[in-house]
């Protein structure tokens, strides 16, 4: 019985190890931790990308304010704040984008496009300020219009490069979500596996224990039956009608053979005979030789 329970424990440990190895192998083989982490980084990156649009639009808003009011000094102040905010976010975006080579390359292109655009914007603001001081009004010269077209082109190119970064980010987010779903399926399958293994072990244990119990009951029943059979056999040895001679006391056995009672009993039981003489026979046979004083 102890060996049986040791086998059950060994089977339980083996099933548990197999389940753990299968789960770990599937998780590592599919690179689920890395993909899930990459998806989380993608969520942070898409939030940063959306945040980048605000300072970029603030730069364009400063430009529009300059064209509307002609106040180059106020426009320069607003432009500097917008550029500073955009530069700070861009540096943080660069650090965050290091998790992906493709996104990091895109951010490098975005940084170059932003620098080119900002340089054009500063040049435009400088020309606008000079023109305003010289003419006393808003910048309307042909050169300013040419520079305005240049800064507008720089803005559009920068926003286009920024939007291009959404492609690898969304791919990472989608892959991370797929890995998360796959991990949930693996966890569910692992739970089902361990539940089925536990149910199988319990059923196997119950079946074997039931078999042991039935075997034990059968052996006990066989032992009791054998005991009854032996008892009945011993009882029947000297039971029933026995034909005995009325004179010599011999007994008729099988085959119509007459044997001494001692031989009959000895042959059928474990009893042994020893010889003695009873007082009546002693008096009948040897009464003439016995002294009367010897009688009790």
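When every residue of segment 182-194 is checked against the conditions, none turns out to be within 30 Å of residue 63 (Cβ to Cβ) and in the same structural domain as residue 113 (by TED's automatic domain parsing).
For segment 181-211, taking the residues that are farther than 23 Å from residue 13 by Cα and touching a helix residue (DSSP H, G or I) at 6+ places or on another chain (Cβ under 8 Å), the one that is surrounded by the fewest Cβ atoms within 10 Å (Cβ to Cβ) is identified as 182. Determine if segment 158-180 includes at least one residue that is over 30 Å from residue 110 (Cα atoms) and either surrounded by fewer than 13 Cβ atoms within 10 Å (Cβ to Cβ) or not assigned by TED's automatic domain parsing to the domain that holds residue 267 (or both). Yes, some residue in segment 158-180 is over 30 Å from residue 110 (Cα atoms) and either surrounded by fewer than 13 Cβ atoms within 10 Å (Cβ to Cβ) or not assigned by TED's automatic domain parsing to the domain that holds residue 267 (or both).
Of the residues making up segment 260-279, just one is farther than 24 Å from residue 232 by Cα and surrounded by 13 or more Cβ atoms within 10 Å (Cβ to Cβ), namely 260. The condition of being loosely packed, with under 10 Cβ neighbours inside 10 Å and modelled with pLDDT under 75 does not hold for residue 236. Between 120, 64, the distinction of being surrounded by fewer than 21 Cβ atoms within 10 Å (Cβ to Cβ), at pLDDT below 85 and assigned to a helix (DSSP H, G or I) belongs to 64 only.
Conditions tested, residue by residue: (1) modelled with pLDDT under 90; (2) within 28 Å of residue 163 (Cα to Cα); (3) surrounded by fewer than 18 Cβ atoms within 10 Å (Cβ to Cβ); (4) not assigned by TED's automatic domain parsing to the domain that holds residue 177.
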residue: 45; (1), (2), (3), (4): no, yes, no, no
residue: 79; (1), (2), (3), (4): yes, yes, no, no
residue: 90; (1), (2), (3), (4): no, yes, no, no
residue: 100; (1), (2), (3), (4): no, yes, no, no
residue: 108; (1), (2), (3), (4): no, yes, yes, no
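One residue stands out among those in segment 261-276 that are touching a helix residue (DSSP H, G or I) at 6+ places or on another chain (Cβ under 8 Å) and assigned to a loop (DSSP other than H, G, I, E, B): the one that is nearest to residue 249 (Cα to Cα), which is 273.
Annotation note: Cβ proximity below 8 Å between a residue of segment 63-79 that is on the phi > 0 side of the Ramachandran plot and a residue that is surrounded by 21 or more Cβ atoms within 10 Å (Cβ to Cβ) and assigned to a helix (DSSP H, G or I) (sequence gap 6+ or interchain) occurs for 70/128.
The values are calculated or read from the model by the stated rules, or taken from the named source; none is laboratory data. These figures come from a predicted structure and were not determined experimentally. Positions of Cβ are generated from backbone atoms using ideal geometry, with glycine treated the same way; all protein chains shown enter the neighbour counts.
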